[in-house]
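Accompanying notes for the structure given below.
The values are calculated or read from the model by the stated rules, or taken from the named source; none is laboratory data. Given the structure is predicted, the values throughout are model-derived calculations rather than measurements. Cβ placement follows ideal geometry from the backbone for every residue including glycine, while neighbour counts extend to all protein chains displayed.
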Amino acid sequence: MDPERIDEVTARTWVDVDLGAIARNIRALAKRLPEGCGVLMVVKADAYGHGLEPVAQTAAAAGAWGFGVAALDEAARLRAAGIRGPIVCAMPLLPVEAERALALSVIPAITSLDQALGFDAVARGAGRSFEAHLDIDTGLGRTGVWDRDAIELMERMAKLPGLDITGIFTHFSSADEADRGPTERQLDRFESVLAELAARGVRVDCVHAANSAAALRFARASRFAAGGAGIRVLVRPGIALYGAAGEIAPDTDGGSWRTGEGAIPFEHALSWHARVIAVKDLQPGDPVSYHGRYVARGPERIAVLGVGYADGWPLALSNRGHVLLRGALTPIRGAVCMDLTMVDATPFPDLHPGEVATLIGTQDGKRRSAEDVAGEAGEIAYSILTRIGPRVRRRAMEVEQ
Ligand SMILES: Cc1ncc(COP(=O)(O)O)c(C=O)c1O
């Protein structure tokens, strides 16, 4: 990709997605997992802002077992893009969505008996059976049936002919934090449910629990022995496969999956750029942007970038964030606007419209990550990436063979 070539897509702001990086990240993680452990890649929110269809097609070719989504529209896009494998909707569906889920062969999360009864009725009405996964809350305090109620629900569901519970899962609250205690306790609870089900002869095809941090930091989370022979263990990572997991705290032994011994070299897959669309000189006292929150202290110069909060570029970066311009870390001046962001161009007297600023990514060997932007905006890499708006066109780079 040549950033100097200005076309319709790259005229103002765009994202480049390195699909090769995603394929390599999946293979690198898979190599670390126990034999037979599959990757259920989380591609909700437009594949964390990277573009759903090309990411999923790349991941399927790289060996992903299936995909995790949060909404049926995402599943429909995957099916339209030719994804045939399992799609798990890990967020509860409403009764009104059941028929569509069945038509799309989506595996819904079961989070209550009422929901199970509803899915059973819809499936029987259609002369089919609904493949579903039971969501067990082992301590996140969000969706799912509490672990203490899971056995009873499982036994009730076993009697519903329209429902085929093929998997069981849980989700961790704090696997990325230095304190390993909460995750160990969630693992204990999940394993006891699995052991109890196995003791009662209740069989499922697969179990999954580990988000990126758990897959990288807790070996237990990808080796559930209690499931028994023939039961496939899956991991359910998102952020690490996009290469943006810098917030995962190092292990208590001082190592880290990124920098410690045996670190996995996850590659950042996304870069985000915006062009300089105007340049302006300032005299001392001249204001910059709404409400004049920046005022020139001397003869200065600003570059106006064609990106704003309507593109998902955080308003909170006003007067405090940075971008890369000519390889230098360059401060944002004044308020970020809906479509524009002003940055300091004083060091570059010959800067001209058409030059590229990098918001996330590498420029002349200097790097800004989504984690860096998140740090300045008071957010997390997840919220920065998933909020990059539909106006920002994604250019997918070919996968290296
Ligand atoms: C239910 C569920 N599973 C897995 C993930 C993936 O988490 P991560 O991106 O931290 O790997 C998420 C992300 O929010 C999730 O909600």
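Checking each residue in the stretch 232-250 for being away from the ligand (no atom under 11 Å from the Cβ) and at pLDDT 90 or above picks out Arg232, Val233, Gly243. Listed conditions (1) more than 26 Å from the chain's Cα centre (by Cα); (2) surrounded by fewer than 13 Cβ atoms within 10 Å (Cβ to Cβ) are all met by Met338, apart from (1). Evaluate the stretch 297-305: report whether one residue or more is farther than 21 Å from Val9 by Cα, among the basic types (Lys, Arg) and free of Cβ contacts under 8 Å to residues at least 40 places away in the same chain. Yes; the residues of the stretch 297-305 include at least one that is farther than 21 Å from Val9 by Cα, among the basic types (Lys, Arg) and free of Cβ contacts under 8 Å to residues at least 40 places away in the same chain. Taking the criterion of being outside any strand (DSSP E or B) and among the aliphatic types (A, V, I, L, M), the residues of the stretch 320-361 that qualify are Ala335, Val336, Met338, Leu340, Ala345, Leu351. The single residue among Ala64, Ala21 that is in the same structural domain as Val233 (by TED's automatic domain parsing), surrounded by 18 or more Cβ atoms within 10 Å (Cβ to Cβ) and not acidic (Asp, Glu) turns out to be Ala64. When Glu99, Glu152 are checked against the criterion of being over 20 Å from the mean Cα position of the chain (by Cα), loosely packed, with under 15 Cβ neighbours inside 10 Å and under 22 Å from His208 (Cα atoms), a single residue qualifies: Glu152.
Considering Gly334, Gly354, Gly298, Gly321, the condition of being closer than 22 Å to Ile6 by Cα and among the small types (Gly, Ala, Ser) is satisfied by Gly354 alone. Among the residues making up the stretch 170-184, those that are part of a helix (DSSP H, G or I) and touching a residue at least 24 places away in the same chain (Cβ under 8 Å) are Pro182, Thr183, Glu184. Within the stretch 362-385, the residues that satisfy the criterion of being out of contact with any Lys or Arg (no Cβ under 9 Å at 6 or more places or on another chain) and in a helix (DSSP H, G or I) are Ala370, Glu371, Asp372, Val373, Ala374, Gly375, Ala381, Tyr382, Ser383, Ile384, Leu385.
Of note, Val39 does not satisfy the criterion of being buried (at least 22 other Cβ atoms within 10 Å of the Cβ) and more than 16 Å from the ligand (Cβ to nearest atom). Cβ-Cβ contacts under 9 Å between residues 6 or more apart (or on different chains), taken from a first residue in the stretch 71-88 that is of a type in the set (Gly, Ala, Ser) to a second residue that is assigned to a loop (DSSP other than H, G, I, E, B), are listed as Ala71/Met91; Ala71/Leu93; Ala75/Ile83; Ala75/Leu104; Ala75/Ser105; Ala76/Leu104; Gly85/Ala64; Gly85/Trp65. Against the test of being out of contact with any His (no Cβ under 6 Å at 6 or more places or on another chain) and closer than 14 Å to His268 by Cβ, the options Val15, Val9, Val42 yield a single qualifying residue, Val15.
Could you go through the stretch 219-231 and let me know if any residue there is more than 13 Å from the ligand (Cβ to nearest atom), modelled with pLDDT of 95 or more and in contact with a Pro (Cβ under 6 Å, 6 or more places away or on another chain). No: the stretch 219-231 contains no residue that is more than 13 Å from the ligand (Cβ to nearest atom), modelled with pLDDT of 95 or more and in contact with a Pro (Cβ under 6 Å, 6 or more places away or on another chain). When Ala158 is tested against (1) within 15 Å of the ligand (Cβ to nearest atom); (2) more than 18 Å from Arg189 (Cα to Cα); (3) of a type outside the set (Val, Ile, Thr), just one condition goes unmet, and that condition is (1).
Tallying residues that are assigned to a strand (DSSP E or B) and over 18 Å from Arg200 (Cβ atoms) within the stretch 135-145 yields 2.
Yes/no matrix, rows are residues, columns are (1) in contact with a helix residue (DSSP H, G or I) (Cβ under 7 Å, 6 or more places away or on another chain); (2) closer than 19 Å to Asp164 by Cα:
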site: Ala45; (1), (2): yes, no
site: Leu52; (1), (2): yes, no
site: Thr58; (1), (2): yes, no
site: Ala80; (1), (2): no, no
site: Glu97; (1), (2): yes, yes
site: Leu104; (1), (2): yes, yes
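Conditions (1) of a type in the set (Gly, Ala, Ser); (2) part of a strand (DSSP E or B), marked per residue:
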| site | (1), (2) |
| --- | --- |
| Leu29 | no, no |
| Met41 | no, yes |
| Gln57 | no, no |
| Gly63 | yes, no |
| Ile83 | no, no |
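Note on the stretch 178-221: residues that are small (Gly, Ala, Ser) and either closer than 29 Å to Lys159 by Cβ or surrounded by fewer than 23 Cβ atoms within 10 Å (Cβ to Cβ) (or both) total 9.
Of the residues examined, Ala132 is one that is away from the ligand (no atom under 13 Å from the Cβ), part of a strand (DSSP E or B), buried (at least 16 other Cβ atoms within 10 Å of the Cβ) and more than 22 Å from the chain's Cα centre (by Cα). Just one residue in the set Val17, Val69 is more than 13 Å from the ligand (Cβ to nearest atom) and of a type outside the set (S, T, N, Q); that residue is Val17. With respect to the conditions (1) surrounded by 15 or more Cβ atoms within 10 Å (Cβ to Cβ); (2) of a type in the set (Gly, Ala, Ser); (3) not in a strand (DSSP E or B), Gly127 lacks only one, and its number is (1).
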